[in-house]
1. With (1) under 24 Å from ASP3 (Cβ atoms); (2) in contact (Cβ under 8 Å) with a residue 24 or more places away in the chain; (3) not small (Gly, Ala, Ser) as the list, and VAL95 as the residue in question, which single condition is left unmet?
2. Looking only at residues that are among the hydrophobic types (A, V, I, L, M, F, W, C) and farther than 24 Å from PHE48 by Cβ in region 110-121, which one is surrounded by the fewest Cβ atoms within 10 Å (Cβ to Cβ)?
3. Output the residues belonging to region 2-37 that are within 18 Å of the chain's Cα centre (by Cα) and assigned to a loop (DSSP other than H, G, I, E, B).
4. Test TYR31 against the criterion of being touching a Phe, Trp or Tyr at 6+ places or on another chain (Cβ under 9 Å), among the hydroxyl-bearing types (Ser, Thr, Tyr) and open to solvent by less than 70 Å² (accessible area, probe 1.4 Å), and give yes or no.
5. Which residues, taken from region 13-28, are open to solvent by 60 Å² or more (accessible area, probe 1.4 Å) and either hydrophobic (A, V, I, L, M, F, W, C) or at pLDDT below 80 (or both)?
6. I'd like to verify a number: residues in region 75-109 that are in a strand (DSSP E or B) and either over 11 Å from the mean Cα position of the chain (by Cα) or surrounded by fewer than 14 Cβ atoms within 10 Å (Cβ to Cβ) (or both), how many?
7. Could you tell me whether region 38-53 includes any residue that is under 18 Å from VAL96 (Cα atoms), part of a loop (DSSP other than H, G, I, E, B) and open to solvent by 30 Å² or more (accessible area, probe 1.4 Å)?
8. If ALA9 satisfies all but one of (1) more than 21 Å from GLU120 (Cα to Cα); (2) touching a residue at least 40 places away in the same chain (Cβ under 8 Å), what's the number of the condition it fails?
Amino acid sequence: ASDRGVTTAIVWLTRADDDDEGLAFGTEHGYLCIWRKNKTGDGFYEIFCDRLVGGTDGVEIAAMAYDTSSGQLAVVHRAESIHRFVIDGGMIPRVVKSVKIVKHWPQAVAFGQVGVRGPELWTFG
């Protein structure tokens, strides 16, 4: 846990067109971290770790979802915030969009049907 806090959400990252695998996790202090699996398969190493913007109602990452077909990662945290990233070939998250919905404290997130603009993002709170 150290200074990042305990892990509160986790998803496995895979891509259909790539052999690389990884793990994305969020913490109680609002950190989003990504670890890539070693090519030898005997461990992981950290690729990315950064603290997402928090708010007065907390910074804990409540839930995460990953869509393998689009390579998109959704992250919600208690600051009434919803973040959508694309995980690039180096497993670095690139922001697609981040929004704050007043008085919506998301507890779960999922990808829905795929439309013209990509998969829909659903949050529950």
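The values are calculated or read from the model by the stated rules, or taken from the named source; none is laboratory data. What you see is a predicted model, and the numbers here were worked out from it, not measured in a lab. As a convention, Cβ positions derive from the backbone with ideal geometry for all residues, glycine included, and neighbour counts pool all protein chains shown. Accessible surface is based on the protein model in full, side chains and every heavy atom, while ligands, DNA and RNA are left aside. Shrake-Rupley method; radii C 1.70, N 1.55, O 1.52, S 1.80 Å.
1. Here VAL95 clears every test but (2).
2. Taking region 110-121 and keeping what is among the hydrophobic types (A, V, I, L, M, F, W, C), we get 110-111, 114, 116, 121.
Next, only the ones that are farther than 24 Å from PHE48 by Cβ stay: 114, 116.
On the way: VAL114: 12, VAL116: 4.
Among those residues, the one meeting the criterion is VAL116.
3. The initial filter retains those residues of region 2-37 that are within 18 Å of the chain's Cα centre (by Cα), namely 4-15, 20-37.
Matches in region 2-37: GLY5, VAL6, GLU28, HIS29, GLY30.
4. Numbers: touching a Phe, Trp or Tyr at 6+ places or on another chain (Cβ under 9 Å): yes; among the hydroxyl-bearing types (Ser, Thr, Tyr): yes; open to solvent by less than 70 Å² (accessible area, probe 1.4 Å): yes.
Against the criterion (touching a Phe, Trp or Tyr at 6+ places or on another chain (Cβ under 9 Å), among the hydroxyl-bearing types (Ser, Thr, Tyr) and open to solvent by less than 70 Å² (accessible area, probe 1.4 Å)), TYR31 qualifies.
5. Matches in region 13-28: ARG15, ALA16, ASP17, ASP19.
6. First pass over region 75-109, keeping only residues in a strand (DSSP E or B): 75-77, 81-87, 93-100, 108-109.
Of the ones still in play, those that are also either over 11 Å from the mean Cα position of the chain (by Cα) or surrounded by fewer than 14 Cβ atoms within 10 Å (Cβ to Cβ) (or both) are 81, 94-100, 108.
Number of matching residues: 9.
7. Taking region 38-53 first, the residues under 18 Å from VAL96 (Cα atoms) are 48-53.
If we keep only those that are part of a loop (DSSP other than H, G, I, E, B) as well, we get 52-53.
Those left that are additionally open to solvent by 30 Å² or more (accessible area, probe 1.4 Å): 53.
Scanning region 38-53, I find at least one residue that is under 18 Å from VAL96 (Cα atoms), part of a loop (DSSP other than H, G, I, E, B) and open to solvent by 30 Å² or more (accessible area, probe 1.4 Å), so the answer is yes.
8. Of (1) more than 21 Å from GLU120 (Cα to Cα); (2) touching a residue at least 40 places away in the same chain (Cβ under 8 Å), only one is false for ALA9: (1).
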